[in-house]
Amino acid sequence: MLTIIAIDTSSDVASVALLRGEKLRSLSSEGFSTHSLSTLPMLQQLLKEEGIEIKDVDAIAFGCGPGSFTGLRTACGIAQGLSFGASIPVVPVVTLEAMAETCRRKYGTDTVLSLLDARMHEVYWGEYQYENGRWKTIVELSLSSAADVVPVGNPVFCGNGLTAYADDLMTVVGENPQYPDIIPHAEAIAILGKERFLRGETIRAADIEPLYLRNKVALKTAERLALKEKGE
């Protein structure tokens with residue numbers, strides 16, 4: 001029986017999932033500061049309740065980014081440690097594509113533009129279309145101001161960027177459906193991870209790395225003070 005475990009800590013909600021055959025279960029915990037403490041115990045709980053051990057797992061899927069700098073490092077570290085320890089292949093999954101999958105499963109949408117709040121008045125975004133049983137990238141991953149988001153076609157919009165920058169996105173979104181409740185989640189990552197595993201799209205533990213779109217992940221103190229003085 002094919003067994004996939006999945007991890008996502010890219011947002012303020014940490015989630016883990018266990019996909020065993022067609023059975024999908026998950027647990028989640030809120031709060032950036034507790035991700036490193038809560039993620040592995042949640043995963044261990046799922047394995048214990050299913051009566052299996054890490055050695056019984058076929059692949060580890062994880063949300064590789066974009067997302068929180070610290071959160072992405074947490075997921076990468078856990079996936080790498082488990083992979084090294086048990087010689088299990090790893091499947092990286094883009095968080096924005098996982099959001100599109102959650103949107104499809106929850107709302108039946110097949111063309112989705114995912115928006116994740118990147119802070120600093122910017123959003124991570126990408127557009128995806130579901131066809132022939134898999135997601136096709138319409139607009140590659142981008143980092144920009146919300147007002148500079150340019151959809152192709154007529155997608156639905158999902159993600160917390162819709163709430164964070166509602167005014168800036170008003171013209172961009174127009175009358176299209178909006179689903180701001182969608183966040184990256186391990187359930188969608190497990191589903192996409194299974195598909196990628198079956199296609200042979202795995203990597204080694206040594207090759208695990210987070211996907212950053214912002215080279216500069218933190219402002220220096222002087223720069224933050226300068227922004228504050230400008231009222232930004």
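The values are calculated or read from the model by the stated rules, or taken from the named source; none is laboratory data. For clarity, every value in this text was computed on a predicted model and none was experimentally measured. Because the Cβ atoms are built from the backbone with ideal geometry, glycine has one as well, and the counts that use them run over all protein chains shown. SASA here: full protein model, heavy atoms, side chains in, ligands and nucleic acids out. Shrake-Rupley method; radii C 1.70, N 1.55, O 1.52, S 1.80 Å.
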The chain: relative contact order in percent, alpha carbon pairs under 8 Å with at least 6 residues between:
23 percent
Toy charge model, Lys and Arg Cβ at +1, Asp and Glu Cβ at -1: the stretch 112-170 dipole around Cα centroid in debye, rounded to 20, equals 240 debye
Sorted from largest down, give the three principal axis spans of the alpha carbons of the stretch 63-168, whole angstrom values.
46, 37, 22
Can you show me the helix-derived [θ] at 222 nm for the chain, built from DSSP H runs with n ≥ 4 at -39,500 (n - 2.57) apiece and divided by the number of residues, rounded to the nearest 500.
-10500 deg cm²/dmol
With a 1.4 Å probe and every protein chain left in place, work out the accessible area per residue of the chain in Å², rounded to a whole number.
49 Å²
Using alpha carbon coordinates only, what is the Rg to Rh ratio of the chain, with Rh defined as the Kirkwood radius?
0.98
Using the alpha-carbon centroid of each, what span in Å lies between the stretch 74-134 and the stretch 176-203?
5 Å
Along Cα→Cβ, 7 Å out, is where each label goes; now give me the distance between the ones at LYS55 and GLU140 in nm to one decimal.
4.3 nm
Nitroxide proxy distance, nm - points 7 Å out along Cα→Cβ at HIS121 and GLU175
3.2 nm
In degrees, nearest ten, helix 35-50 long axis to first principal axis of the chain (Cα):
40 degrees
Provide, in order from the shortest bin, the percent of all Cα-Cα pairs of the stretch 1-124 in each 10 Å bin, continuing until the bin that contains the maximum pair distance.
13, 43, 34, 9, 1
On a 1.4 Å probe surface of the protein chains, which of ARG196, ARG25 comes out largest in accessible area, and what is the full order?
ARG25, ARG196
Compute the helix-to-body angle for 69-86: its Cα long axis versus the longest principal axis of the chain, expressed 0 to 90° and rounded to tens.
10 degrees
Among ALA100, GLY71, MET120, flag the residue with its Cα farthest along the positive direction of the charge dipole of the stretch 66-124, charges on Cβ as +1 for Lys/Arg and -1 for Asp/Glu.
GLY71
Rg from C-alpha atoms of the stretch 114-214, normalised by the globular rule of thumb 2.2 N^0.38 Å, equals 1.18
Count the lysine pairs in the chain that are 8 or more places apart or on different chains: how many have C-alpha atoms under 21 angstrom apart?
13
Gained length - LYS106 relative to GLN45, 0.36 nm times residue gap less alpha-carbon distance:
19.4 nm
Quick check for me: using +1 on Lys/Arg Cβ and -1 on Asp/Glu Cβ, what's the dipole size of the stretch 57-177 about its Cα centre, in debye to the nearest 20?
420 debye
Solvent-accessible surface (1.4 angstrom probe) belonging to ASP110, in square angstrom, nearest 10
80 Å²
So, with +1 on the Cβ of K and R and -1 on the Cβ of D and E, and no other charges, what is the size of the charge dipole of the chain about its Cα centre, to the nearest 20 debye?
520 debye
Carbon plus sulfur, as percent of the 1.4 Å-probe accessible area of the chain, comes to 49 percent
Sorted by accessible area (1.4 Å probe), largest first, how do LYS55, LYS194 line up?
LYS55, LYS194
Write down the radius of gyration of the stretch 60-103 and its Dmax, each obtained from C-alpha positions, in Å.
11.1, 34
